[in-house]
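Structure, as structure tokens:
The values are calculated or read from the model by the stated rules, or taken from the named source; none is laboratory data. These numbers were taken from a predicted model, which means no experiment stands behind them. We place every Cβ from the backbone using ideal geometry, glycine too, and count neighbours over all the protein chains shown. Areas reflect the complete protein model, heavy atoms only, side chains present, ligands, DNA and RNA absent. Shrake-Rupley method; radii C 1.70, N 1.55, O 1.52, S 1.80 Å.
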Amino acid sequence: MNFLYDPLILMSVIALNAAAPAGLPAANPAPTDSPPTGVEMLLLRGGIPAVFDPRFVSAGEAALPDSAWILGIAINGEAHAYSLNLLNGHEVVNDGIGGNPIAAVW
Amino acid sequence: MYDRTFGDKILTFEPSGGLLEAALVMRDRETDSWWAIMRGQAIGGPMDGERLRELPNAEKTTWGDWRRRHPETLVLSVDGSTHVPDNHYDNYFSSDRTFRGITPVDDRLPAKEPVFAFQLGNESYVLPHRVVAGGHLESLETTEPDGTRSGTVIFFFRERGASVFASTRAWIVPPGLITVENGEYVLDVLRGDTPSRGGIPIVRALDALPRRPDIRVLPGLDTYWYTWIAVNPETTLLP
């Protein structure tokens, strides 16, 4: 969710996250890149790291309480679940399922 | 949950570091365009104006519920973890406070009223969660992009007492498929079988029906009134 922009929270998230992964289109956070009207910039691009190469485990290997909230999608016999608490720290997961490239956004 | 395919391009998204009316703005790494989630489209860069396409079969629910329904599911793991116990936004979701103290622009509903926002034809609509609880039927007259007007019947569903996190379900249905009898919604499956009664059985029946062109899942966004209406002032408030 976008509430990580609260200063108290974002410092801990930034501290936990390393550089962007290799093998992807390079980010282009040019300093002269101006945001569209109305967009308030709070962090640098990449300050909250999206997930680009998601890894998955089976339901049996997952460590979530039954009461935890997840974002789920099922297509063509495949199902993916993403813990919302986990997504708090990344906001965007670039994934693929059932042959379709998808973005999980929270 | 969005489709990342745009014509011949597959885009890779990340947070831009910025917000529009306190809601997420993303960028893509292929074109550096800016994408405003609450507006559902790109607002700058080469893809300006391109709409984000929500996937209709994504939902928020509890792990226990999801695992029962999809035992074969895979679970995202980041840096070896599938979950973290803290939810920094617990205070936000359980309070009346707007994010970062934003002043609400439209007081037809309380700022933090949870709503389901969706689009039909050219127009945006919002329906409060409390109206949807237990099921809600809405009949809308809409204008298609080519100017023709048509009538659309939509069945919405939320379980009574559901958490604000739970996804609203919605289907465009043919008129007469779902009716109300003795204060209860009834689904007529048009096969002469016993009709389904009540919200949850209707949801199960709709999910189980063989695909038909006159029943379509309607995707939308569950959010708070103040954040949606700030970015989409032309929205029609239902019911």
**OP:** Output the number of the condition that residue A:2 fails; it satisfies all remaining conditions of (1) buried (at least 22 other Cβ atoms within 10 Å of the Cβ); (2) at pLDDT 90 or above; (3) under 26 Å from residue B:53 (Cβ atoms); (4) facing another protein chain (nearest Cβ under 7 Å).
**Re:** (2)
**OP:** Could you please let me know if residue A:14 is at pLDDT 85 or above and surrounded by 13 or more Cβ atoms within 10 Å (Cβ to Cβ)?
**Re:** no
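Conditions (1) in a strand (DSSP E or B); (2) surrounded by fewer than 24 Cβ atoms within 10 Å (Cβ to Cβ); (3) small (Gly, Ala, Ser), marked per residue:
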site	(1), (2), (3)
B:15	yes, no, no
B:18	yes, yes, yes
B:27	yes, no, no
B:32	no, yes, no
B:35	yes, no, no
B:42	yes, no, yes
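Would you be able to say whether some residue in segment A:55-76 is more than 15 Å from residue B:58 (Cβ to Cβ) and in contact with a Leu (Cβ under 6 Å, 6 or more places away or on another chain)?
yes
Identify all residues within segment B:44-72 that are more than 7 Å from chain A (Cβ to nearest Cβ) and assigned to a loop (DSSP other than H, G, I, E, B); write none if there are none.
At the first step, the residues of segment B:44-72 found to be more than 7 Å from chain A (Cβ to nearest Cβ) are B:45-54, B:56, B:65, B:68-69.
Selection gives B:45, B:46, B:47, B:48, B:49, B:50, B:52, B:53, B:56.
Would you check if residue B:76 is modelled with pLDDT of 90 or more and open to solvent by 30 Å² or more (accessible area, probe 1.4 Å)?
On the way: modelled with pLDDT of 90 or more: yes; open to solvent by 30 Å² or more (accessible area, probe 1.4 Å): no.
In short, no.
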Subject >> Qualifying positions in segment B:50-70 - open to solvent by less than 40 Å² (accessible area, probe 1.4 Å) and touching a strand residue (DSSP E or B) at 6+ places or on another chain (Cβ under 7 Å) >> reply: B:52, B:55, B:58, B:59, B:60, B:61, B:62, B:63, B:66, B:70
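For segment B:97-116, indicate whether the set of residues that are touching a Gly at 6+ places or on another chain (Cβ under 7 Å) and at pLDDT 90 or above is non-empty.
Of segment B:97-116, the ones touching a Gly at 6+ places or on another chain (Cβ under 7 Å) are B:116.
Those still in the list that are at pLDDT 90 or above too: B:116.
Yes, segment B:97-116 contains a residue that is touching a Gly at 6+ places or on another chain (Cβ under 7 Å) and at pLDDT 90 or above.
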Original post:
residue A:96: under 25 Å from residue B:9 (Cβ atoms), surrounded by fewer than 19 Cβ atoms within 10 Å (Cβ to Cβ) and at pLDDT 90 or above, yes or no?
Top reply: yes
Original post:
Could you list, in sequence order, the residues of segment B:1-13 that are part of a strand (DSSP E or B) and within 7 Å of chain A (Cβ to nearest Cβ)?
Top reply: B:2, B:3, B:5, B:10, B:13
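Hey, any hits in segment B:116-124 for a residue that's touching a strand residue (DSSP E or B) at 6+ places or on another chain (Cβ under 7 Å) and either over 24 Å from residue B:39 (Cβ atoms) or of a type in the set (Asp, Glu) (or both)?
Residues of segment B:116-124 that are touching a strand residue (DSSP E or B) at 6+ places or on another chain (Cβ under 7 Å), as a first pass: B:116-118, B:120-124.
Subset that is either over 24 Å from residue B:39 (Cβ atoms) or of a type in the set (Asp, Glu) (or both): B:123.
Looking for residues that are touching a strand residue (DSSP E or B) at 6+ places or on another chain (Cβ under 7 Å) and either over 24 Å from residue B:39 (Cβ atoms) or of a type in the set (Asp, Glu) (or both), one finds at least one in segment B:116-124, hence yes.
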Subject >> Candidate set from segment A:72-93 (those that are under 12 Å from the mean Cα position of the chain (by Cα) and either among the hydroxyl-bearing types (Ser, Thr, Tyr) or closer than 16 Å to residue B:69 by Cβ (or both)); member that is surrounded by the fewest Cβ atoms within 10 Å (Cβ to Cβ) >> reply: A:83
Subject >> Out of B:25, B:84, B:78, sole residue that is without any contact (Cβ under 8 Å) to a residue 24 or more places away in the chain, β-branched (Val, Ile, Thr) and over 16 Å from residue A:62 (Cα atoms) >> reply: B:25
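Only residues that are part of a loop (DSSP other than H, G, I, E, B) and more than 25 Å from the chain's Cα centre (by Cα): list them for segment B:73-83, please.
Taking segment B:73-83 first, the residues part of a loop (DSSP other than H, G, I, E, B) are B:73, B:79-80, B:82-83.
Within segment B:73-83, B:79, B:80 meet the criteria.
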